[in-house]
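Some notes on the structure that comes next.
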2 protein chains.
Amino acid sequence: MADMTVTDGGKTLRQGSAVKREAILGAARGLFLAEGFERTSVDAIAALAQVSKRTVYDYFGDKRALLLSVVEQALGTLMSVVDRAIADHLTEVQDLEASLIAFARSISETAIGSADYVALIRLVSNEAANLPELRAHNWAMVEPEVKVADRLAAFAEQGLLVVPDPRMAADHLTALTMTPSMTGATAGITTTNDETQRRIVAGVRAFIRAYEPRG
Amino acid sequence: MADMTVTDGGKTLRQGSAVKREAILGAARGLFLAEGFERTSVDAIAALAQVSKRTVYDYFGDKRALLLSVVEQALGTLMSVVDRAIADHLTEVQDLEASLIAFARSISETAIGSADYVALIRLVSNEAANLPELRAHNWAMVEPEVKVADRLAAFAEQGLLVVPDPRMAADHLTALTMTPSMTGATAGITTTNDETQRRIVAGVRAFIRAYEPRG
DNA sequence: GTGACACTACACCGTGCAGTGTAGTTAAGT
DNA sequence: ACTTAACTACACTGCACGGTGTAGTGTCAC
């Protein structure tokens, strides 16, 4: 034991290289999102990451901690993607419809690498019941909503929209644009890209009709 | 072997009483929805149903088949609930807003016994990846949407709404009213009833604003 | 060289759990 | 009384998988 660092759990973890760490996280994320937590074996993760099972344990301690890391990372990138999309599309807006469409599109395209936004939510929802730590991090899932709500409030001040309850409006926007996978679409059955685009456009239009100022 | 009946799988199942069958299905449904499929042991189901584990297997063959039965049953009741709600609230409408609110409310209250509509969807989504039979039955989840779409089209004909794409509109209605549990709410953390009510009302109002005829 | 470290390969343990086999009990049908 | 079916209790198998221990290899630093 030499280059070991102790973490809160009392486990001694290896320092390790960022590359391997990322490989493991990537493999775990892919499998967790596709197969679910329980059905994914650590052996499978190790194999996919081209790493010995022992290394996985040396890096992350146990399966729960690994899941936690995966979720934290995914949540982090998700939030930065949203930040970026807000900066790119929801500031200095002239054509509101076009901007909202671009916004929704850029999120649904980028998302979390190749992984699904909704798959992540499902994963967290499923495991949160059994992992208190996850439940704590769960609020983070809501933070993007808050930021969107802020933007909508700003649009309201500019007279572009009528938004009495920004949080609710933000929920409605995401509900209308991000739910292709809710009804109908199931794990593995990716909806076609065309379909996603159509839904985003229709969702944004409905949202604007619902929240635009009336004559 | 006497009163045995053969099923497609080649397994020989017991005839059994409807009461026991229902007890097992109920226990399994509760545990599957609350804990997920993998985390639920057949022993736990048997215990909760006050039945020997052997009986569970004699009735349903194996865990997969049991899950399938649970989902079929839940889907069945869900569909009948929707039918009922449509009949009760979406025919002979004078106050559209009130009717839609009553409709959404009656579904979210009744749902599937005490179980969650969304929990069922999550369950199916999660296991569909690994159970082809489930994926087949999955389309049934969409059928309520179709019926709602029909009603919306009817409203459009009456001049109450403007609905170019009924299926999309139905998706929007459910998205707006049924997503309390999507963002934020997680398994086990039941949103308060007040909150649910608020969301239903706000969702319906937004829907109507989005789809009402304009002057 | 000689450590120190990262890593693999592999054997290994414990356990939870799906599924089965079976003997014995109860109740009903005849 | 005899049979038959439903059911329980319980023991038991087999396996998958989480997690650990360890011996050995490559590699860099000094």
Apply the Karplus curve 6.51 cos²θ - 1.76 cosθ + 1.60, θ = phi - 60°, to the phi angles in region A:27-36 and return the couplings in whole Hz, x for Gly and Pro. 4, 4, 4, x, 5, 4, 5, 7, 10, x
Which distances, shortest first and in nm, link residue A:76 to the matching position in the other copies, using label points set 7 Å out along Cα to C-beta? 5.0
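Show me A:98-110, B:93-105 ranked by packing, highest mean number of other Cβ atoms within 10 Å first.
Result, highest mean first: A:98-110, B:93-105.
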Sorted from shortest, what are the nm distances separating the label point of residue A:91 from equivalent points in the other copies, each placed 7 Å from Cα along Cα to C-beta? 5.5
Inter-label distance for residue B:165 and residue A:157, nm, one decimal - labels placed 7 Å from Cα along Cα-to-Cβ: 3.4
In region B:62-81, which residues have a backbone nitrogen under 16 Å from the label point lying 7 Å from residue B:18's Cα in the Cα-to-Cβ direction? B:73, B:77
At 0.36 nm per residue, minus the direct Cα-Cα distance, what do residue B:43 and residue B:143 gain on full extension? Give it in nm, one decimal, please. 32.6 nm
Where A meets B: accessible area buried, both sides, 1.4 Å probe, Å²: 3700
Members of region B:155-176 that become less accessible by 30 Å² or more once partner protein chains are added (1.4 angstrom probe, chain alone as reference): B:168, B:171, B:172, B:175, B:176
Report, as an integer, the average count of C-beta atoms from other chains found within 10 Å of each Cβ along A:200-207. 4
Note the distances from residue B:132 to each other copy's matching label point, with points 7 Å along the Cα-to-beta-carbon direction, in nm, sorted shortest first. 4.4
Tell me, what % of the accessible area of region A:32-187 is carbon and sulfur with a 1.4 angstrom probe? 53
Do you know which residues of region B:16-51 lose at least 30 square angstrom of accessible area in the protein assembly compared with their chain on its own, with a 1.4 angstrom probe? B:38, B:39
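The values are calculated or read from the model by the stated rules, or taken from the named source; none is laboratory data. This one's a predicted model, so the numbers in the text were calculated from it and none came from an experiment. A quick note on method: Cβ atoms are made from the backbone with ideal geometry, for glycine too, and the neighbour counts reach across all protein chains shown. Only protein heavy atoms, including side chains, enter the accessible area calculation; ligands, DNA and RNA are left aside. Shrake-Rupley method; radii C 1.70, N 1.55, O 1.52, S 1.80 Å.
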